[in-house]
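The values are calculated or read from the model by the stated rules, or taken from the named source; none is laboratory data. Remember, predicted model here, so these are calculated numbers, not experimental data. We place every Cβ from the backbone using ideal geometry, glycine too, and count neighbours over all the protein chains shown. Note: accessible area is taken over every heavy atom of the protein model, side chains too, but ligands, DNA and RNA are not part of it. Shrake-Rupley method; radii C 1.70, N 1.55, O 1.52, S 1.80 Å.
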Amino acid sequence: MTLNGGLMNQIKKILGVKFVVAIASGKGGVGKSTTAVNLAVSLANRGLKVGLLDADIYGPSLPKMMGINQKPEITADKKLIPLVAYGVSCLSIGFLVPEESPAIWRGPMVQSALKQLLHGAAWGLHHDNDLDILFVDMPPGTGDAHLTLAQQVTLSGAVIVSTSQDIALIDARKGLSMFQRVNVPILGLIENMSQFACPQCNHITPIFGHGAVKADAQKFNVPFLGEIPIDLKLRQSGDEGRPITAFEPDGLISGIYSQIAEKVWGQLI
Ligand code: ADP
């Protein structure tokens with residue numbers, strides 16, 4: 001029992017990585033990848049050794065959002081070498097497959113690609129062989145990749161991103177209970193695209209509703225990490241491959257990401 005437990009833990013630990021945190025959402029398009037990228041850059045900005053693994057097989061967006069357009073090289077002992085952008089060591093499932101094909105991947109292919117990215121990469125290579133935290137940008141929903149992740153690594157926790165819209169929240173709750181079932185601590189919920197402040201008149205419009213994610217966090221007794229407004233610059237910066245937290249680290253939006261990132265990190269250490 002002890003021997004098996006010990007062996008399991010060894011298999012599930014990624015060499016040189018202290019904490020692995022999944023960024024998940026019930027639905028696509030709610031801002032999960034945007035959140036993953038900006039939380040990663042926020043923690044790198046304050047000197048932590050950070051990695052970001054894009055495991056979103058349906059729409060790997062890390063290469064675009066981090067402005068990476070090379071393929072990773074391989075070490076002499078055949079490990080993938082992460083590419084560094086804005087201080088963050090990055091790998092994406094998008095590096096392993098042609099752009100148009102990931103969505104048709106089947107279970108076993110997802111599992112082996114994810115396994116390779118988790119355990120077959122030299123995650124700490126650029127940081128004295130040591131990462132403080134590896135964020136994993138999950139595909140939306142609760143499919144094969146989630147189970148693989150739970151089986152392959154000891155997750156330190158999961159962060160769930162949702163809009164305040166009913167339909168997104170219903171799916172986010174499914175994600176929450178899935179992580180709870182496999183004993184992964186929920187580090188908290190984030191409400192994204194919470195409100196829109198008109199740049200002309202400052203009138204606030206809650207386009208996807210407002211406040212429901214916080215209410216859910218209370219209802220399910222998990223931390224509420226914060227809310228991120230709809231912001232044009234944030235959208236543009238993602239499309240341009242220049243995360244807002246990197247090029248405007250002292251701005252309002254970066255401040256919100258930084259507070260959320262501290263709340264996540266604070267729960268791990
Ligand atoms: P997901 O990973 O959940 O599919 P993305 O992070 O790719 O979602 O975001 C979907 C789109 O919404 C992207 O174009 C992104 O730039 C935009 N977006 C995400 N969050 C915000 C926000 N708070 N304000 C404005 N645009 C946002």
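Between D231, D216, D250, D239, the distinction of being more than 19 Å from the chain's Cα centre (by Cα) and over 26 Å from D166 (Cβ atoms) belongs to D250 only. Scanning the range 121-136 for residues being of a type in the set (D, E) and at pLDDT 95 or above gives a total of 1.
The condition (being among the aromatic types (F, W, Y) and within 16 Å of the ligand (Cβ to nearest atom)) is satisfied by just one residue among F224, F196, F179, F220: F196. State whether one or more residues within the range 66-73 are open to solvent by less than 10 Å² (accessible area, probe 1.4 Å) and either in a strand (DSSP E or B) or more than 16 Å from the ligand (Cβ to nearest atom) (or both). No, every residue in the range 66-73 fails to be open to solvent by less than 10 Å² (accessible area, probe 1.4 Å) and either in a strand (DSSP E or B) or more than 16 Å from the ligand (Cβ to nearest atom) (or both).
So for the range 44-58 (the condition being within 12 Å of the ligand (Cβ to nearest atom) and in contact with a Lys or Arg (Cβ under 9 Å, 6 or more places away or on another chain)), does at least one residue qualify? Yes, some residue in the range 44-58 is within 12 Å of the ligand (Cβ to nearest atom) and in contact with a Lys or Arg (Cβ under 9 Å, 6 or more places away or on another chain).
Check whether at least one residue in the range 12-29 is in contact with a strand residue (DSSP E or B) (Cβ under 8 Å, 6 or more places away or on another chain), part of a helix (DSSP H, G or I) and within 16 Å of the ligand (Cβ to nearest atom), and report yes or no. Within the range 12-29 (the criterion being in contact with a strand residue (DSSP E or B) (Cβ under 8 Å, 6 or more places away or on another chain), part of a helix (DSSP H, G or I) and within 16 Å of the ligand (Cβ to nearest atom)), the answer is no, since none of the residues qualifies.
Pick from the range 236-250 the residues that are open to solvent by 20 Å² or more (accessible area, probe 1.4 Å) and free of Cβ contacts under 8 Å to residues at least 12 places away in the same chain: which of them is nearest to Y86 (Cα to Cα)? Taking the candidates together, the pick is F247.
Within the range 253-266, is even one residue in a helix (DSSP H, G or I), away from the ligand (no atom under 14 Å from the Cβ), of a type in the set (A, V, I, L, M) and free of Cβ contacts under 8 Å to residues at least 24 places away in the same chain? No; the residues of the range 253-266 include none that is in a helix (DSSP H, G or I), away from the ligand (no atom under 14 Å from the Cβ), of a type in the set (A, V, I, L, M) and free of Cβ contacts under 8 Å to residues at least 24 places away in the same chain. Could you grab me the full set of residues in the range 42-59 that are within 15 Å of L118 (Cβ to Cβ) and not small (G, A, S)? Passing the criteria: L52, L53, D54, D56, I57. Of the strands (runs of 3 or more DSSP E) contained entirely in the range 137-234, those carrying at least 2 residues that are free of Cβ contacts under 8 Å to residues at least 60 places away in the same chain and crowded, with 23+ Cβ neighbours inside 10 Å fall at 186-197.
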